[in-house]
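The values are calculated or read from the model by the stated rules, or taken from the named source; none is laboratory data. Keep in mind that this is a model prediction, so the values were computed, not measured. Note that each Cβ is placed from the backbone with ideal geometry, even for glycine, and that neighbours are counted across all protein chains shown.
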Amino acid sequence: MSYLSLIITTTVVALLRQCWSWLSKSSVAINKIAKFQTSEFTNTPETNDPIWLPIQGALPSWLNGILYRVGPGKFNLRAGDDDHQPIKAMIKHAFDGMPFLHRFQLCSSTQRVRYNSRHLATKAEQRICEGSATAFFGHVVPFTSTWELFKAFLGRFNSFVIQSNLVALKNTSVDPTSEMVGVTVTPNYPLPKALQSSSSEPVLVTKTDANVLQKVNADSLVPENLFNYSHFDRQLSGELSAAHNQYDPDTDEVFNFTLKIGPAPTLTVFSTSAKSQSTTILANIKHRLDPERSPIRLCYVHSFWLMKNFIVIPEAPLFLRNMGMDFIAGGSVLSGMSWNSQAPTYLHVISRRPDLGHVASIPVDAFFTFHTGNAWEETTASDGTIVLKLDCAAFPDGDIMYQIHNFGQTAPPIAKNKSPLAEFENADLHERTHGFTVPPRPQTSFGELRRYTLSFNLSSAQHQSVSSASYASLAENMEFLRFNQEYSMRPNKYLYGNRLVTATQDEGARYCMIKVDTETKETVVFDSPDYVCSEPIFVPRPKTEPGDKDHREDDGAVLSFINVTNHQGGKRHCFLLVLDASTMTEIARCFIGDFSATTFHGSFVDYEFKSISVN
């Protein structure tokens, strides 16, 4: 053997040993997560053929339109549709159930609701049942050996890095149900030119936190196409994106970003428009605008803020370890995440003028937000100082990422709780792993409703001395923020959301709805025993004429999908609930079925398919 061959062999062996050691440590962490993921979800039955359901109470005469809600619907996976076939896989994280879409058509003249629903990822389900390399958000598959993990890592590395499934989506023959895309559902979303048609059919798109989108038939809910943002512009090839885009109704622009995985992550911020059929790159961000020009991290961003002249994207110290390789090894985003409580959250400010691009990186104390609220520009001083207001539900650390694995599934009362989680109440059993509390303590609260105030000067925004940030606390224990979108990008008074009701000896943990007056900090709550309330969708009462003096910001209705647990012996069932948005009192409901269904988000359009409240 030559000297060069010896060096190469020695180097390869050393790298393999290092890789093996890394995978061995990863296996321990993965199995630790898998131990506490014991939730057993039930499948949601499909209603492919629409049915008309009666209303109890009365829909307001003006409340006519279509509500879409999306979330996980299938957790016990079989190779086919026959329920008698054996279960091939059980998904144990709420975010990873096979995507499921609901459609509710509200008709006040007949006081009925036309309902249908459908699974969106049948091919992906088949692939999981066959044991193909798959990536999840939080569901973790335990490994019996390092060799088993090594084989799974090679399969995912080949699929996501070498062959790159996301790039393969450019193949128009790909099965539209082969990817799991079911976090947000957005009507009237821009389509790449290759998918545009001359017909006037309405457009409906589902999205997730990866750079993959699914076009769905707006009536039948049949998946029609998969595409990604690189179809709009080749620069938008980053693997990650935000499930929640932002939209400016005045300019008809949609805003989002892609985040490139690799040694030097790149955040590419862009806008696109269905009307103009054009896409504009607003910024390519690799470094923070601090004195050190420090590189950005491969962080997890679920939503962000939009104003008339600016976009703000939060870079929380919640990131993927080892350039995303830990995620590829473990097969779930959660298993590859870290939280660094010692690092700040950076609020990156991007101008909507592409010639200005990235204008500020403002550090604040570490916090993480899943869901943002409204945002607006408050003042521009004579010296050029700009003041921005940003609403969000803020968490003080990253523990929420571990605690939400059973989201939407109501636990039984404490006295009857036989869950393995009960043994983890002992503080001595907990430890900090990658910045998280593992095993997770049962969730006791959602985030804090905060209003951040940012101040910076465009002439020297990259210097931290001219930037500042502070926040005011508006309410505790709140998530899934929604508001009257007629007030988008300008000051608004009311916010709607969900509040966590902690478990007692009489009933299990669940979610109620809350309305917050941001000026007085007064709250109004809708709550009922055994009700698990989903994200509230605000639908404003249409103005009868321009300048309608009786039209208030909270003049409208709140729609929510309700699961009823009836832990004391009754049947599980679900219904669509309609509340008076000003008083948060019930005005109507529509019984859907004897099942429960977890839904994350929803959008509402009128009968002309005009976007009224979208996400």
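Quick notes on this structure:
- Residues that are surrounded by 20 or more Cβ atoms within 10 Å (Cβ to Cβ) and either charged (D, E, K, R) or on the phi > 0 side of the Ramachandran plot (or both), drawn from region 508-533: Arg510, Lys515
- Of the helices (runs of 4 or more DSSP H) lying entirely inside region 87-171, the ones with 2 or more residues being among the aliphatic types (A, V, I, L, M) and either surrounded by 18 or more Cβ atoms within 10 Å (Cβ to Cβ) or modelled with pLDDT of 90 or more (or both) are found at 122-129, 146-157.
- If you go through region 552-582 and keep only what is hydroxyl-bearing (Ser, Thr, Tyr), in contact with a strand residue (DSSP E or B) (Cβ under 7 Å, 6 or more places away or on another chain) and either free of Cβ contacts under 8 Å to residues at least 24 places away in the same chain or not in a strand (DSSP E or B) (or both), you end up with just Thr565.
- Look at (1) at pLDDT 90 or above; (2) within 20 Å of Leu289 (Cβ to Cβ); (3) surrounded by fewer than 19 Cβ atoms within 10 Å (Cβ to Cβ) and you find that Leu388 fails only one, number (3).
- The set of residues from region 590-604 being modelled with pLDDT of 95 or more and surrounded by fewer than 17 Cβ atoms within 10 Å (Cβ to Cβ) comprises just one member, Phe591.
- Within region 211-252, being outside any loop (DSSP other than H, G, I, E, B) and touching a helix residue (DSSP H, G or I) at 6+ places or on another chain (Cβ under 7 Å) holds for Lys215, Asn225, Phe227, His231, Ser241.
- Taking (1) modelled with pLDDT of 90 or more; (2) under 28 Å from Asn245 (Cβ atoms); (3) crowded, with 16+ Cβ neighbours inside 10 Å in turn, Gln462 satisfies each apart from (1).
- Restricting attention to region 315-373, the residues that are of a type outside the set (S, T, N, Q), assigned to a strand (DSSP E or B) and either over 18 Å from His287 (Cα atoms) or in contact with a Gly (Cβ under 9 Å, 6 or more places away or on another chain) (or both) total 9.
- Listed by first and then second residue, the pairs with beta-carbon distance under 6 Å, at least 6 apart or on different chains, first residue in region 587-615 and within 22 Å of Ser488 (Cβ to Cβ) and in a strand (DSSP E or B), second among the basic types (Lys, Arg) and at pLDDT 95 or above, are Gly602/Arg69.
- Members of region 280-316 found to be touching a residue at least 24 places away in the same chain (Cβ under 8 Å), over 20 Å from the mean Cα position of the chain (by Cα) and over 12 Å from Phe257 (Cα atoms), listed by number: Arg288, Leu289, Asp290, Pro291, Pro295, Ile296, Met307, Lys308, Asn309, Phe310
- Among the residues of region 61-70, not a single one is touching a strand residue (DSSP E or B) at 6+ places or on another chain (Cβ under 9 Å), within 30 Å of Pro142 (Cβ to Cβ) and assigned to a loop (DSSP other than H, G, I, E, B).
- Residue in region 374-385 that is surrounded by the most Cβ atoms within 10 Å (Cβ to Cβ), counting only those that are in a loop (DSSP other than H, G, I, E, B) and not aliphatic (A, V, I, L, M): Gly384
- Test: residue in region 513-536 that is at pLDDT 85 or above, within 30 Å of Asp355 (Cβ to Cβ), over 24 Å from the mean Cα position of the chain (by Cα) and not polar (S, T, N, Q): no
Residue-by-condition table, conditions (1) among the aliphatic types (A, V, I, L, M); (2) closer than 29 Å to Val113 by Cβ; (3) surrounded by fewer than 17 Cβ atoms within 10 Å (Cβ to Cβ); (4) free of Cβ contacts under 8 Å to residues at least 40 places away in the same chain:
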{"position": "Thr186", "(1), (2), (3), (4)": "no, yes, no, no"}
{"position": "Leu191", "(1), (2), (3), (4)": "yes, yes, no, no"}
{"position": "Leu213", "(1), (2), (3), (4)": "yes, yes, no, yes"}
{"position": "Val222", "(1), (2), (3), (4)": "yes, yes, yes, no"}
{"position": "Gln246", "(1), (2), (3), (4)": "no, no, no, no"}
{"position": "Phe255", "(1), (2), (3), (4)": "no, no, no, no"}
{"position": "Lys275", "(1), (2), (3), (4)": "no, no, yes, yes"}
